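Here's the structure we're looking at; comments come further down.
The values are calculated or read from the model by the stated rules, or taken from the named source; none is laboratory data. Predicted, not measured: the structure shown is a model, and the values here were computed from it. Here Cβ is always computed from backbone atoms with ideal geometry, including for glycine, and neighbour counts include all displayed protein chains.
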Amino acid sequence: MCIFCKIVNGEIPSNKVLENDNFLAFHDLNPKAPAHILTIPKVHVDSFNELTPETMAGMTTFIQEVAETVGIKESGYRVITNVGDNGGQEVKHLHFHVLGGTKLKWGHEADANSADFI
Ligand code: 5GP
Ligand code: ZN
């Protein structure tokens with residue numbers, strides 16, 4: 001069982017922010033911003049590649065509620081999901097990072113030459 005499934009079933013403790021029947025939000029162990037929350041589906045999904053539009057619909061509302069709950073909805077925040085090796089996904093259970101609480105910097109991605117993709 002993956003570590004986020006263990007967080008869902010309580011085997012690994014977490015600092016919970018919000019939950020409903022289908023989703024759970026908890027503070028990231030190694031925060032990259034004053035507010036850094038992870039939102040996950042309770043049912044295991046490997047990554048964004050396997051995410052269905054139906055689950056994404058619920059996730060959308062849930063992330064909005066998380067932002068409201070921690071008080072960053074109006075000041076602004078960033079939602080990120082890392083996918084696979086190049087995306088830097090370390091935990092293979094779909095999660096959306098919700099980052100805020102300060103003016104976030106931009107540009108940690110990579111040295112880029114977009115010619116190959118245009
Ligand atoms: P990824 O790199 O897969 O997009 O993000 C994984 C995130 O999970 C990292 O930001 C890391 O700090 C966080 N993380 C890893 N293990 C745990 C844990 O056991 N508890 C919590 N709360 N966060 C974790
Ligand atoms: Zn899992």
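Test residue 54 against the criterion of being farther than 22 Å from residue 99 by Cβ, outside any strand (DSSP E or B) and either in contact (Cβ under 8 Å) with a residue 60 or more places away in the chain or within 15 Å of ligand 2 (Cβ to nearest atom) (or both), and give yes or no.
Working: farther than 22 Å from residue 99 by Cβ: yes; outside any strand (DSSP E or B): yes; either in contact (Cβ under 8 Å) with a residue 60 or more places away in the chain or within 15 Å of ligand 2 (Cβ to nearest atom) (or both): no.
Considered against the rule, which asks whether it is farther than 22 Å from residue 99 by Cβ, outside any strand (DSSP E or B) and either in contact (Cβ under 8 Å) with a residue 60 or more places away in the chain or within 15 Å of ligand 2 (Cβ to nearest atom) (or both), residue 54 comes out as no.
Condition first: farther than 19 Å from residue 27 by Cα and not in a helix (DSSP H, G or I). Now tell me which residues in region 57-87 satisfy that.
74, 83
Please work out which residue is farthest from ligand 2 (Cβ to nearest atom), limiting yourself to region 30-51 and to residues that are closer than 17 Å to residue 7 by Cβ, touching a strand residue (DSSP E or B) at 6+ places or on another chain (Cβ under 9 Å) and in contact (Cβ under 8 Å) with a residue 24 or more places away in the chain.
Once the filter is applied, the top-ranked residue is 36.
Kindly indicate the residue of region 67-90 that is under 17 Å from residue 49 (Cβ atoms) and exposed (fewer than 14 other Cβ atoms within 10 Å of the Cβ) and also nearest to ligand 2 (Cβ to nearest atom) among those meeting that condition.
By that ranking, first place goes to 90.
Here is a list: 99, 104. Which entry is modelled with pLDDT of 95 or more and either within 15 Å of ligand 2 (Cβ to nearest atom) or assigned to a loop (DSSP other than H, G, I, E, B) (or both)?
Every option except 104 fails the conditions.
Tell me, please, whether a residue that is free of Cβ contacts under 8 Å to residues at least 40 places away in the same chain, more than 15 Å from ligand 1 (Cβ to nearest atom) and at negative phi can be found in region 78-99.
Checked against the condition, which is being free of Cβ contacts under 8 Å to residues at least 40 places away in the same chain, more than 15 Å from ligand 1 (Cβ to nearest atom) and at negative phi, region 78-99 yields no hits at all.
Considering only residues that are among the basic types (Lys, Arg) and under 14 Å from the mean Cα position of the chain (by Cα), which ones fall in region 1-47?
16, 32, 42, listed by residue number.
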